[in-house]
Amino acid sequence: GSDRILQRMNRNYTADRYLQRIELLRRTCPDIAISSDVMVGFPGETEEDFQATLRLLEEVQFDSLFSFVYSDRPFAKSSEFTDKVTEPVKIRRLIELQSLQAEITLTKNQAEVGQLREVLVEGPSKNAGLQVSGRTLQNRIVNFEGPGELTGRTVLVRILDAFSHSLRGELLTVLE
């Protein structure tokens with residue numbers, strides 16, 4: 001979210017350009033799910049830089065996020081930077097970032113309740129013996145009652161409940 005840090009990371013884009021691309025994607029495909037990778041604690045990252053990243057998360061409303069703390073890599077230019085962020089600060093920032101994303105993901109999952117979704121069944125659910133699990137076109141995990149023979153098939157499911165990392169639905173019909 002911080003142009004200063006993006007430049008320091010040798011990225012060839014700005015936060016504004018990134019937001020413009022997201023807007024274009026959503027205009028072109030309104031049902032698109034967007035995820036990203038976010039690193040916290042890059043050398044020189046100030047609290048202001050980090051807050052810019054949180055604001056970007058709030059604006060974009062990612063469906064999911066892969067997040068991690070910066071760590072030196074051999075031969076990377078950044079490993080030579082002297083203005084390192086301390087481990088406790090990096091960990092605090094990661095926890096704050098992941099907490100915000102967890103709220104966003106849960107809100108997005110809750111918006112799925114009542115929707116009809118195509119689900120590609122992946123196999124038995126880890127939650128219960130009589131359930132299967134699959135993914136929507138937006139890569140959301142859905143658990144629902146159904147036979148294991150549905151594995152590899154696309155089905156229509158009504159979403160009944162939302163949780164932090166998955167949805168619960170009811171099988172309506174087999175599509176393929």
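Remarks
- Counted charge near Gly114, where neighbours are those whose Cβ lies closer than 11 Å (Asp, Glu -1; Lys, Arg +1): 0
- Helix axis angle, 47-60 relative to the chain longest principal axis, alpha carbon, degrees: 30 degrees
- Alpha-carbon Rg/Rh ratio, for the chain, with Rh computed the Kirkwood way: 1.08
- Stretchable slack from Asp3 to Arg92, in nm (0.36 nm times residue separation minus alpha-carbon distance): 29.9 nm
- Only helical runs count toward this figure. For the chain, summing -39,500 (n - 2.57) over DSSP H runs of n ≥ 4 and dividing by all residues gives -10500 deg cm²/dmol at 222 nm.
- Cα-centred dipole magnitude for the chain, charges only on beta-carbon of K, R (+1) and D, E (-1), debye, nearest 20: 260 debye
- Between Gln20 and Ile32, the contour length at 0.36 nm per residue exceeds the alpha carbon distance by 2.8 nm.
- Integer Hz, Karplus 6.51/-1.76/1.60 couplings in order for segment 96-104, x for Gly and Pro: 5, 4, 5, 5, 4, 5, 4, 5, 4
- Principal-axis tilt of helix 15-28 within the chain, Cα atoms, nearest 10 degrees: 20 degrees
- Phi-derived couplings, Karplus 6.51 cos²θ - 1.76 cosθ + 1.60 at θ = phi - 60°, listed residue by residue for segment 32-46: 5, 9, 10, 10, 8, 9, 10, 10, 10, x, 4, x, x, 5, 8 Hz, with x used for Gly and Pro.
- Note on segment 48-109: along the principal axes its Cα atoms extend 41, 21, 18 Å, ordered by decreasing extent.
- Coupling constants for segment 132-141 follow from the phi torsions by the Karplus curve (6.51 cos²θ - 1.76 cosθ + 1.60, θ = phi - 60°), and in residue order they are 10, 10, x, 10, 6, 4, 8, 6, 8, 7 Hz; glycine and proline get x.
- Accessible surface computed residue by residue for the chain, with neighbouring protein chains in place and a 1.4 Å probe, gives 60 Å² per residue.
- Across segment 2-106, Cα-Cα pairs farther apart than 23 Å form 29% of the total.
- Computed label-point distance, nm, for sites Glu48 and Arg73 using a 7 Å Cα→Cβ extension: 2.9 nm
- Scanning residues 5 or more positions from Val38 or on other chains, those with amide H under 5 Å from its amide H are Phe66, Ser67, Phe68, with H placed 1.01 Å from N in the peptide plane.
- Of interest is the spacing of the C-alpha centroids, which for segment 96-162 and segment 33-52 amounts to 29 Å.
- Candidates Asn12, Asn143, Asn109, ranked by Gaussian network fluctuation over the chain, Cα under 10 Å, top entry: Asn12
- DSSP bridge orientation in segment 20-176 - percent antiparallel, rounded to nearest 5: 75 percent
- Using Cβ point charges alone (K and R +1, D and E -1), the dipole size of segment 1-81 about the Cα centre works out to roughly 340 debye.
The values are calculated or read from the model by the stated rules, or taken from the named source; none is laboratory data. None of the values given here were measured: they were computed from a predicted structure. Every residue, glycine among them, receives a Cβ derived from its backbone with ideal geometry; neighbour counts consider all protein chains shown. Note: accessible area is taken over every heavy atom of the protein model, side chains too, but ligands, DNA and RNA are not part of it. Shrake-Rupley method; radii C 1.70, N 1.55, O 1.52, S 1.80 Å.
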